[in-house]
Amino acid sequence: MSHEVHGWTRSAPAARARPIGKKELTLYLEALFPTNNKQGSPVAFERGELARDIHYMIVDTLETILPGAGFQLFEGHQRMVDNFLDLPEQKDCENCQMSFSVGSGAAAPDSTICELCIVFEKLGLLR
């Protein structure tokens with residue numbers, strides 16, 4: 001767009017180019033160079049779901065109120081896993097050779113067969 005002032009033609013200032021976002025860059029590279037694109041497709045979170053903003057707001061607020069909360073949450077979770085998470089003992093079933101957790105469900109701690117084989121045994125289907 002241009003207009004004339006006192007015999008001089010003046011052009012409108014050019015629009016500034018905005019930076020290209022990761023989403024646009026990825027789509028552009030995928031369209032033009034699909035085999036050379038090492039960028040990788042953006043996941044749903046990077047494409048800008050509506051819930052993304054609320055996640056950032058919650059984390060920012062939490063970090064403002066409790067500085068270092070993220071570190072404390074990871075540290076606390078690791079401590080909880082180390083101290084309270086006892087993984088059940090695993091055994092191999094003598095009948096089907098599958099692994100099963102000892103003491104869970106129908107399998108007693110001294111059982112040598114899995115829960116499914118116990119059901120088959122009760123129905124008389126196990127050799």
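The values are calculated or read from the model by the stated rules, or taken from the named source; none is laboratory data. Worth saying up front: this structure is predicted, and the values here are computed from it rather than measured. Cβ coordinates were reconstructed from backbone atoms using ideal geometry, including for glycine residues, and neighbour counts include every protein chain displayed. Surface areas here come from the heavy atoms of the whole protein model, side chains and all, with no ligands, DNA or RNA. Shrake-Rupley method; radii C 1.70, N 1.55, O 1.52, S 1.80 Å.
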Pairs with Cβ under 9 Å, 6+ apart, first in the range 8-28 and in a loop (DSSP other than H, G, I, E, B) and open to solvent by 100 Å² or more (accessible area, probe 1.4 Å), second modelled with pLDDT of 75 or more and not aliphatic (A, V, I, L, M): Ile20/Tyr28
Qualifying residues in the range 62-87 (those that are charged (D, E, K, R) and either open to solvent by 100 Å² or more (accessible area, probe 1.4 Å) or over 20 Å from the mean Cα position of the chain (by Cα) (or both)) - the one nearest to Val102 (Cα to Cα): Asp86
Inter-residue pairs, beta-carbon under 8 Å, first modelled with pLDDT of 85 or more and in the range 66-87, second open to solvent by less than 100 Å² (accessible area, probe 1.4 Å), 6+ apart: Gln72/Leu66
